[in-house]
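Below is one structure; the comments refer to it alone.
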Amino acid sequence: MSYRITNLRDYANEYHKSVTSPEKFWSEIAEQFDWKKKWDQVLNWDFETPQVNWFENAELNLTENIFERLLPTHKNKTAIIWEPNDPEADSIKLTYGELFKAICKFANAMKSQGVKKGDRVIIYMPMVPEAAIAMLACARIGAVHSVVFAGFSASALADRINDCEAKMVLTSDGNFRGNKNIPVKAVVDEALNHSDFVENVIVLKRTGEKVKMTPGRDLWWEEVLEGQSEQHEAEVMNAEDLLFILYTSGSTGKPKGVVHTTAGYMVFTYYSFLNVFQYDADDVYWCSADIGWITGHSYIVYGPLLAGATTLMFEGVPTYPHAGRFWEIVEKYKVNQFYTAPTAIRALQVYGTEPVEKFDLSSLKVIGSVGEPINEEAWHWYHEHVGKGNCPLVDTWWQTETGGIMISPLAGITPNKPAHASLPLPGVQPVIVDAEGNELTGNNVEGNLCIKYPWPSMIRTTYGDHQRCKDTYFSSYKGMYFTGDGVKRDHDGYLRILGRVDDVINVSGHRMGTAEVENAIDEHPDVVESAVVGYPHEIKGQGIYAFAICDASDKSDQILEDEIKQLVRKIIGPIAKPEHVQIVSGLPKTRSGKIMRRILRKVASRDLSNLGDISTLLNSEVVEDIIKGANLD
Ligand code: WTA
């Protein structure tokens, strides 16, 4: 039996069942997987602690559920299609059979270097098949992978390596992105100057760039693979054993390691992939995300492969060598489902429709969006010019912490409503709460988005700091998981996500904590204090705007602004570089000393209407200075 919903009534029935008998609902889906030992209890939970166990005491290996389970029918089916950065270079297709051998070989290679079940492995790599192979090889041997987006800086990488005490780093000699060649190995070398845990670095040859290899520590990928067997007996994992850690930004402090475990994540990514995208057996599915983000984990690698799909991986960027590259790829491989971010759509919209019309997109059946609220204009452009008005557009709301898609239309089943993530997937129980935590029932209500019941792929803890997980997600509203997003339920009962209600900025679909950027800015010797806010940005969704006090500096504002931008780039990475830095004489503060970000957001958005009452500020005189300095005309 396939657990694919086929019509709206089916959806309503399944949803009802998932809420009234969640354990029965999920155990029936789980039944079709291969278990070495069945669970004693489907769900054991308590949001106070918080503690959530799905499929308690069951044993399995996730990769056996991709390979051993599917090989009898999928051995010669293409699992991964890889399109390189350079359109003239050769692409690669790996069947399920070939991918399995590659994974076993790499699993054996990692083991021979001493990596054991439970060890953490950092993957800091380009978008190449080996990155997916590495993730799956980790899952095969029970090592916990933590993929770090290859655009993060050395210090951001070092923070992550140190936080999870990684034993091994997997990287490459370079990373082709558009017309750039990013020296990722040098970044790893620098990060390792600030880390004591890593024993080996395995380096894939990708660009042929000359790199420094540290004897005894650094090994070539090919070298470790030499002589390794193509067979590997999968490690036996408990349902709640860690599958991976993925670092993400929050409103306070350093990025936290979101922990996902084995069985629940497997069941939910499979189920959500199949239903949201309505994948058919011979379809070619493409998600353009990077493997360094949760979307790459759940909907390039795990969900599609567990469903036996053909998943496309693209190494490059949407505008290289031309603004029609995405559409050229859709034509080349006859892609049926295409999943991307609103920021990519807005960036391509700038080039007009000509690059889209040049290519044959008639293979497309479903188009999708993820990572940030999609504005109506981008929604319509995407729907009309890419989907030609007849592809359902799935606007999928979810988070690193949720592991999989939570609120989304099911393609072709849920009627589309522009910019609405629509309805929850079966098994997902969203609630809208007011500031006091009262549940707002009925339609036409707006408030904070919480989830009141566990779902299988939810966050289990923040690595090494369970209290932080509790404080961040389970303490704002008693007995519920708090998402950090605002939401509206419209007159039809459809949900529309309104964006973050905390101090998180969403830049091009990437989450940045304001505190994280402020900490980086404060490293500048002349900065006394800083405050960072988001403001609406035409392409990126939100841009980063920084205010900094540099009282005693003898440098010009221009020089300080440039230095601050470069510093953030160095400490976190290019994605965190502020669009604007404004040097100010003071920051607006309440009498208790809290920065009034509301006012700074207004200035950054160039919108001075409704500044509100500023007379209660400790230092209302700075507001005028800030407005003057912002050059609003
Ligand atoms: C935002 C990405 C509106 C939201 C999968 C969330 C969205 C954060 C949508 C998570 C959407 C994601 N509509 N907002 N369809 N999808 N978001 O962890 O603010 O990188 O909290 O996970 O992105 O970002 P993350």
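The values are calculated or read from the model by the stated rules, or taken from the named source; none is laboratory data. All figures in this text were calculated on a predicted structure; none of them were measured in a lab. Backbone-built Cβ (ideal geometry, glycine too); neighbour counts: all protein chains shown.
Please state which one of Leu560, Leu567 is within 16 Å of Ala630 (Cα to Cα) and surrounded by 15 or more Cβ atoms within 10 Å (Cβ to Cβ).
One residue alone meets the criteria, Leu560.
Only strands (runs of 3 or more DSSP E) whose full extent lies in the range 248-314 are considered here, and the ones with at least 2 residues that are in contact with an Asp or Glu (Cβ under 7 Å, 6 or more places away or on another chain) and more than 23 Å from Lys93 (Cβ to Cβ) are 256-261. Note on the range 398-408: residues that are near the ligand (Cβ under 8 Å from one of its atoms) and not β-branched (Val, Ile, Thr) amount to 4.
Results for (1) among the small types (Gly, Ala, Ser); (2) at pLDDT below 95; (3) closer than 25 Å to Lys105 by Cα; (4) within 19 Å of the chain's Cα centre (by Cα), shown as yes or no for each residue.
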{"position": "Leu136", "(1), (2), (3), (4)": "no, no, yes, yes"}
{"position": "Ile141", "(1), (2), (3), (4)": "no, no, yes, no"}
{"position": "His145", "(1), (2), (3), (4)": "no, no, yes, yes"}
{"position": "Val184", "(1), (2), (3), (4)": "no, no, yes, no"}
{"position": "Ala191", "(1), (2), (3), (4)": "yes, no, no, no"}
{"position": "His194", "(1), (2), (3), (4)": "no, yes, no, no"}
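When Arg569, Arg511 are screened for being within 15 Å of the ligand (Cβ to nearest atom) and of a type in the set (Lys, Arg), only Arg511 passes. Is it the case that some residue within the range 343-350 is more than 16 Å from the ligand (Cβ to nearest atom) and buried (at least 23 other Cβ atoms within 10 Å of the Cβ)? Yes, there is a match, as at least one residue in the range 343-350 is more than 16 Å from the ligand (Cβ to nearest atom) and buried (at least 23 other Cβ atoms within 10 Å of the Cβ). Residues in the range 370-397 that are outside any helix (DSSP H, G or I), touching a Leu at 6+ places or on another chain (Cβ under 9 Å) and within 13 Å of the ligand (Cβ to nearest atom): Pro373, Ile374, Val394, Trp397.
If you go through the range 438-451 one residue at a time, do you hit one that is touching a helix residue (DSSP H, G or I) at 6+ places or on another chain (Cβ under 9 Å), within 16 Å of the ligand (Cβ to nearest atom) and in contact (Cβ under 8 Å) with a residue 40 or more places away in the chain? The answer is yes, given that some residue of the range 438-451 is touching a helix residue (DSSP H, G or I) at 6+ places or on another chain (Cβ under 9 Å), within 16 Å of the ligand (Cβ to nearest atom) and in contact (Cβ under 8 Å) with a residue 40 or more places away in the chain. With respect to the conditions (1) assigned to a strand (DSSP E or B); (2) more than 11 Å from the ligand (Cβ to nearest atom); (3) touching a residue at least 60 places away in the same chain (Cβ under 8 Å), Ile413 falls short on a single one, namely (1). Against the condition closer than 22 Å to Val259 by Cα and either among the charged types (D, E, K, R) or not in a strand (DSSP E or B) (or both), how does Trp54 come out, does it pass? When the stated conditions are applied, Trp54 does not pass them. Within the range 292-317, the set of residues being more than 13 Å from the ligand (Cβ to nearest atom) and touching a strand residue (DSSP E or B) at 6+ places or on another chain (Cβ under 8 Å) comprises Val301, Pro304, Leu305, Ala309, Thr310, Thr311, Leu312, Met313, Phe314, Glu315, Gly316, Val317.
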